[in-house]
Amino acid sequence: MEDSHHIPTADSQHHCHADHPENSPDYVGLTVNSGVAQPPCVNPYMKPRRRRQYTPAELVEGILKGDVTMLSRGVTLVESLAPDHQALAREVIEKCLPYSGNSRRIGITGVPGAGKSTSIDVFGLHVLKEGGKLAVLAIDPSSERTKGSILGDKTRMEKLSTHPDAFIRPSPSAGSLGGVARKTRETIILCEAAGYNNIFVETVGVGQSETAVHSMVDFFMLIQIAGAGDELQGIKRGIMEMADGIVINKADGDNVDRARLARAQIRSALQLLPNPPSGWQPEVLCYSGYYELGIPEVWEMIDRYFDFITANGFFERQRREQARYWMYETIDAELRRRFYDDPDRAAAIANAERLVLSNRLSPFTAALNLLGE
């Protein structure tokens, strides 16, 4: 009778020992076969599809027609770090610039848990009922570390994310605050050229990104909640000074009295701040995003604000100031990039760093030496 046990040859024994140490003679009676080669996980007959590259003229034509696909591709070029994409993006932006500037740009910020996403959803629907189109952009400088929360926000904007006249765009998922903010500013130009006459710029959390958002919007809204302890806790004075309107969310049910008390406290705090350059006195209102209460009143306040700053000339003055601000911001960013990306300077920087760390040269002298002073 033939022995059913597998008797390995010398060659196969050597091969098996290399792959599976347990096949060594030391482990008598234990044999592990090599197994079957894994089939490819992708269809070998499927050819990879190359995405067609559109010319700047084609992209601009599509954007001006309001084609969302072309707008998305334009924004992707703006966000790309590839030099050839950046050159294309600049060309698209320049051609779209004459068609931009005709929207209301509204910045929205608030402490975590204040209900920004729900509020943007209901504010957005209210705006769309009055006609026009809405783009929601986000600035999230933390996204490089945490991978951001705006994708979660997009799922919470349930009604807006499926509305045909709304365009929701998460922030670029990498880069410094300055880089993310600059790309958002450029995205605003493309959205306006595509016919979006309301732009919401959301900041994720309360922090340094408020200043960046304030430098690209006409109206800055701070969302607060009542009943979470000290109503002014966690709000820096700088953010209070930037706000053109403060709205207290979750003013419903048992929380109505607390919301009214918070409104009185915040109004008192605003009396201590200097008058804003626009001449507008920031208003404090209560509303409920979840139950959609008080939404028209918030929007009436924003209408009053725009009427006020258009009449006194602040609207145009602020837009010009913002354009100048972003010119200088871009110069600063580009100078830094060119300085650090210069391969001839890399060795000098490393040498200067060694001298500074060994206390043989002061940081200030080292910096001036590198700059050629």
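No lab work stands behind these numbers, since they all come straight from the coordinates. On a predicted model such as this, the values are computed, not experimentally measured, just so you know. Counting neighbours? That spans all protein chains shown, and the Cβs are built from the backbone with ideal geometry, glycine included.
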field: Amide hydrogen neighbours beyond the local backbone of Gly245, cut-off 5 Å, H modeled
entry: Phe220, Leu222
- request: Could you work out how far the C-alpha centroid of segment 326-368 sits from that of segment 109-139, in angstrom?
  value: 42 Å
task: Express in nm, to one decimal, how much length is gained between His163 and Arg52 on full extension, taking 0.36 nm for each residue of separation and deducting their alpha carbon distance.
output: 37.2 nm
- request: Could you list which residues have their amide H under 5 Å from that of Ala251, counting only those 5 or more apart in sequence or on another chain, with H placed in the peptide plane?
  value: Tyr287, Ser288, Gly289
query: Taking H as built 1.01 Å from N, whose amide H comes closer than 5 Å to the amide H of Ile108, not counting residues under 5 places away?
result: Val201, Glu202, Thr203, Met221
task: Return the sequence-ordered ³J(HN,Hα) values of segment 93-106 in whole Hz as given by the Karplus equation 6.51 cos²θ - 1.76 cosθ + 1.60 applied to θ = phi - 60°, using x for Gly and Pro.
output: 4, 4, 6, 8, 3, x, 9, 9, x, 9, 10, 8, 9, 10
- prompt: Applying 1/(1 + (r/R0)^6) with R0 = 22 Å to the Cβ-Cβ distance of Ala333 and Ser100, what FRET efficiency is obtained, to the nearest 0.05?
  reply: 0.55
- line: Placing each pseudo-label 7 Å from Cα in the direction of the beta carbon, Gln265 and Ser362 end up separated by a distance in nanometres of 4.7 nm
message: Regarding segment 52-99, what's the average projected area of the Cα-atom convex hull, expressed in nm²?
response: 3.0 nm²
message: Which order do the peptides 184-193, 277-286, 240-249 come out in when sorted by mean C-beta neighbours inside 10 angstrom, highest first?
response: 184-193, 240-249, 277-286
